[in-house]
Structure formats: structure tokens, C-alpha cells
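The values are calculated or read from the model by the stated rules, or taken from the named source; none is laboratory data. Since we're looking at a predicted model, the values are computed, not measured. Cβ atoms come from the backbone with ideal geometry, glycine included; neighbour counts cover every protein chain shown. Each accessible area value is taken on the protein alone, full model and side chains, heavy atoms only, with ligands, DNA and RNA left out. Shrake-Rupley method; radii C 1.70, N 1.55, O 1.52, S 1.80 Å.
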Amino acid sequence: MNAPRKIDCQEAAERLYEYLDGELTPDSEAEVRAHLDDCAPCFKLLGFEDAYLSFLRARTRAHQAPEHLKKKIFEQVLFDQDSAS
Amino acid sequence: MAAPADNRREAFEREALPLLDAVYRVALRLAGDEAQADDLVQETMLKAYRSWHQYKSGTNVRAWLLTILRHTFINEYRKKKRAGPTVDVGEIEGYHVFHEVQEADPEGNFFDQIVDDEVLRAIDSLPEEFRETLVLSDVEQLTYAEIAEVTGVPVGTVKSRLFRARQALQQKLYDYALEMGYIKRVER
């Protein structure tokens, strides 16, 4: 297997979110990973942004649809007369 | 044998109703208040039920529902309310907050002191196209391709909107943390 192409800090920074989101192709991901292994400042940035995204997820997922709404929708569907099927 | 209407209801209950919380969370961020989010979700689910025959079983029901939600919001709700952008996210400098705090708080511990409501308020103050992209990604965990499908833009646009939305939000939260004294500004 060939070693990943070398990329600089700017390229790594541009792809950082895609890397964290698991959206890169395997080759591109290997390039970013190789850079992060070698570059302490970029690795630090990765840790910071990773913490930020985890924090966002933790703070925003608590809301659930209220019970009265669930009930209404259930009834609405149950008694819907405008059948299209 | 069950009538087609019963099959439809069964399939809808099995596949679509479990996603009600996700639809509601996105509706709340799009509409901005609970009463409107309720109406928006009801309308979305009724439309989805009535056009259930257009949904191909086994495909991405979440993206399908969120697409209906978004169209309903744009066509019927957006005109009624919702202020315009409160920040210009056109000129976002990449990783500005990290550069400010990398000595004092490189692990971003100050984030932990910011409560849920403040985070949601900050999200709500983003311009709509950035807000919806960020909510679909960071709240509902959709992939870039799914977000592109729901919002009707190319994946490249999703990427750049998401980058700018996350950075703009981070800056707002940092400014708030400074104001509250959760972190001190570094003198340079």
C-alpha cells in the first residue's frame, strides 16, 4: 500500500469537519490522519472541534414531541378520511 | 385480508411515527416557537400519510419526512414570521475561537458551562439556510448526502454552509461565555 500523499495544515484544516463527520473517502481520510499524527497544532485543533461537536449533540437532542401532539397525530391518522391509497 | 387503508396505516405507524421526535425538533428550530412547530408537524405528518403511496418502502423515510416538513414550512409558514439573519456569516474566519483559546482552554471546557437553552437560542439566531443545515447535521445526524436531498442543494454547498454555520455558532457561544465570565479573553 502506498503512503498517503502529504498535505499541509491548511488542507487538513479545510477537511477537518468532513474528517470528524466521517464524510471523506478512505484515501482522503488517510491523508488527514497522517497529517494529524505528525502535526501537534492540528491535532490540538481536532480535539477542540471534536469537543465542540460532541457538546452540540449533547445540548440539543433532549427535546421530544409533546404527548398532546403525539396523540393528535395518532388520531388524525387513525380517522383520516381523505384516503389516497 | 386487511384493506389497503389498514396496510397503509400499519406501515405509517411502523416507519414514520417513530420519527416524530426528530420531525418535531427540526420543526421547532425552523418555526421558532412551540405552537407553530405543533401545527407544522401535524400538517407534515398528515401530508406524509396522505402521500404514503409515493414513499418507497425501505428507502430513507427520515429524509423523506424532513423534506415534506421543509417544503411545508417554506410554502406556508415562513412568510408569517421569523426575522432575517442577525449575523453575517459571509465573512467567517476559520477556527478563530480555537486560536483565541488554544493556550487557556485547548479542550474547550468552557462549552460545558453553557446550558441547553442558550445553545438553542444561539442556533435560532443563525440565518435560516445555515440554521437548517446545522440542525440536520448536528442535531439529527443526517449525512451530507441526506442534507443535500432534504435542502435541495449540492453536497458542496452543504459542506460550506455547515462549516460556516458551525463556526458562526461557535463564535456566538464563545462571545456569550466571555460575557458570562466562563472564560477570560486572552490579552495579546
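For A:Asp50, are the conditions met, namely being out of contact with any Lys or Arg (no Cβ under 7 Å at 6 or more places or on another chain) and closer than 22 Å to B:Leu142 by Cβ?
yes
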The lone condition A:Glu49 fails out of (1) of a type in the set (Asp, Glu); (2) more than 27 Å from B:Val135 (Cα to Cα); (3) in contact with a helix residue (DSSP H, G or I) (Cβ under 7 Å, 6 or more places away or on another chain) is (2)
Would it be correct to say that A:Ala34 is closer than 24 Å to B:Asp105 by Cβ and of a type outside the set (Lys, Arg)? no
Within segment A:27-81, residues basic (Lys, Arg) and under 23 Å from the mean Cα position of the chain (by Cα) come out as A:Arg33, A:Lys44, A:Arg57, A:Arg59, A:Arg61
Of the residues in segment A:1-36, those that are within 11 Å of another protein chain (Cβ to nearest Cβ) and either among the aromatic types (Phe, Trp, Tyr) or touching a strand residue (DSSP E or B) at 6+ places or on another chain (Cβ under 7 Å) (or both) come to A:Tyr17
Those residues of segment B:137-188 which are in a loop (DSSP other than H, G, I, E, B) and away from every other protein chain (no Cβ under 12 Å) amount to B:Gly152, B:Val153, B:Pro154, B:Gly181, B:Tyr182, B:Ile183, B:Lys184, B:Arg185, B:Val186, B:Glu187, B:Arg188
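Got at least one residue in segment A:60-67 being open to solvent by less than 80 Å² (accessible area, probe 1.4 Å), closer than 15 Å to B:Tyr95 by Cβ and among the hydrophobic types (A, V, I, L, M, F, W, C)?
No - not one qualifying residue is present in segment A:60-67.
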A:Asp50 passes all but one of the listed conditions (1) under 20 Å from B:Ala48 (Cβ atoms); (2) surrounded by 14 or more Cβ atoms within 10 Å (Cβ to Cβ); the exception is number (1)
- Message: Is it the case, given these coordinates, that A:Leu36 is assigned to a helix (DSSP H, G or I) and out of contact with any Phe, Trp or Tyr (no Cβ under 6 Å at 6 or more places or on another chain)?
- Response: no
